[in-house]
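Asker: Handing you this structure, nothing more for now.
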Amino acid sequence: MAITEDAPPGTDTGGAEPPRGRRLSSPLALTLVLLSAVLAQSPIRGVLGTPLMQSWMTVFVAVTVQALPFLVLGVLLSAAIAVFVPASFFARALPRRPALAVPVAGVAGAVLPGCECASVPVAGALVRRGVTPAAALAFLLSAPAINPVVLTATAVAFPGHPEMVLARFLASLLVACAMGWLWQRLGRTDWLRPAAHGAHEGATKGEAFWGAVRHDVMHAGGFLVLGATAAATLKAAVPADWLRAAAGTPLVSVLALAVLAVLLSICSEADAFVAASLTQFSPTAKLVFLVVGPMIDLKLFAMQAGTFGRAFALRFAPATFALAVAGAVLTGAVLL
C-alpha cells in the first residue's frame with residue numbers, strides 16, 4: 001500500500017509539478033570531466049605515449065599552429081572590410097554591363113582578405129544594393145580563394161612550389177567567372193531571395209566589427225580544429241596502403257579530395273596546410289581540394305541557403321561543385 005504525504009495546510013500547490021533534481025550545470029560538468037581525467041591519468045598517459053598517438057598529435061599540432069596566424073589575420077581583415085567599407089563602393093566600382101561586371105567582380109575578390117564566412121554576407125549585401133546577381137556570385141566564389149591572405153598561406157604551405165599558388169588563383173578565378181556567366185544566362189530571379197537585411201545592421205560599427213570577429217573566430221576556428229583532426233587521423237590511423245590505393249588512381253583521388261573538401265568545411269585560410277599534409281595524393285588532387293573547399297562545403301551550403309534561399313542553394317551548389325572539380329583538373333593538367 002503506497003503511503004502519500006499530504007501537503008502542509010495552507011500550501012497552494014496550484015497543480016505545479018514537484019521539484020526536480022538539479023540539472024547538470026557547465027561548471028559541474030567541467031569538474032566531473034577534470035576529475036575523471038585525473039583518476040584515469042595513467043591509462044591516458046599510456047595511450048598518448050603510443051607511436052600512433054604521437055604521430056597523430058604531431059600532425060594535428062603542426063597543421064593548427066601553421067594555419068592559426070593566417071586564420072586570425074583573415075578574420076580581423078575581413079571583419080574590418082565588411083563593416084567599414086560600404087557595399088555601395090563595390091556597386092559603383094563595377095561596370096554596368098553584366099558580362100563585363102562578372103570578371104571585374106571576380107578579380108575584385110582579391111581585395112577581401114577573409115574566408116568564405118565573410119564573402120556570403122558581403123555578396124548578399126551587394127545584391128540588396130542593386131549589384132547584378134551574376135557579379136555578386138562571382139565575387140562570392142572568388143573572394144575566399146584568391147585574396148592575399150589565402151594565397152600567402154598557400155605559398156607557405158607549399159614552399160618551393162609557386163605553381164600551386166598560381167594554379168589555385170587561376171582555377172578559382174576561372175570557376176568563379178564561369179559560374180557568374182552561367183547564372184547570367186540560366187539563372188532566374190525567383191530562385192534568388194536574399195534576406196531583407198544583414199546580420200549586423202542596426203548596430204554600431206564597433207559592435208558589428210567585434211560581432212563579426214567573434215562569429216568568424218568561433219566558426220572558422222572550430223572548422224580548423226575539425227580539419228586538423230581529420231588530416232591527423234588520415235595521416236596516422238588510416239592504413240598507408242588504403243591511401244596509396246586511393247591516391248594511385250587519378251579519378252578516385254580527385255573525387256576523394258573533392259568530397260573531403262565538402263565534408264571538412266575548412267576555412268580557406270587554413271585548408272592549404274591540410275592539403276599539404278596529404279602527401280600521398282597528387283598535386284592535381286590537392287588543387288581540387290583547394291578549389292572546391294572555398295566554393296562549396298557543408299557550412300557554405302547552409303549559409304547560402306540562409307542568405308539567398310534554399311531554391312538557390314539546391315541549384316547553385318551542385319553546379320559549383322562540378323565546375324570547381326573540372327576547372328581544377330584542367331588547370332592542374334596544364335600547370336602542375
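Asker: Could you sort 190, 241 by their accessible area in this structure, using a 1.4 Å probe and putting the largest first?
Answerer: The residues order as 241, 190, largest area first.
Asker: Using a probe radius of 1.4 Å on heavy atoms only, what accessible surface per residue do you get for segment 226-315? Whole Å² is fine.
Answerer: Accessible area per residue, segment 226-315: 36 Å².
Asker: For residue 65 and residue 185, FRET efficiency with R0 = 41 Å and r from the beta-carbon atoms, rounded to 0.05?
Answerer: Computed FRET efficiency for residue 185 and residue 65: 0.35.
Asker: Now for a different question. How much of residue 218 can a 1.4 Å solvent probe reach, expressed as accessible area in Å² and rounded to 10?
Answerer: Counting only protein heavy atoms, residue 218 exposes about 140 Å² to solvent.
The values are calculated or read from the model by the stated rules, or taken from the named source; none is laboratory data. From a predicted model like this one, the values you see are computed outputs, not experimental measurements. Counting neighbours? That spans all protein chains shown, and the Cβs are built from the backbone with ideal geometry, glycine included. When the accessible area is computed, the model is the full protein with side chains, heavy atoms only, and any ligands, DNA or RNA have been set aside. Shrake-Rupley method; radii C 1.70, N 1.55, O 1.52, S 1.80 Å.
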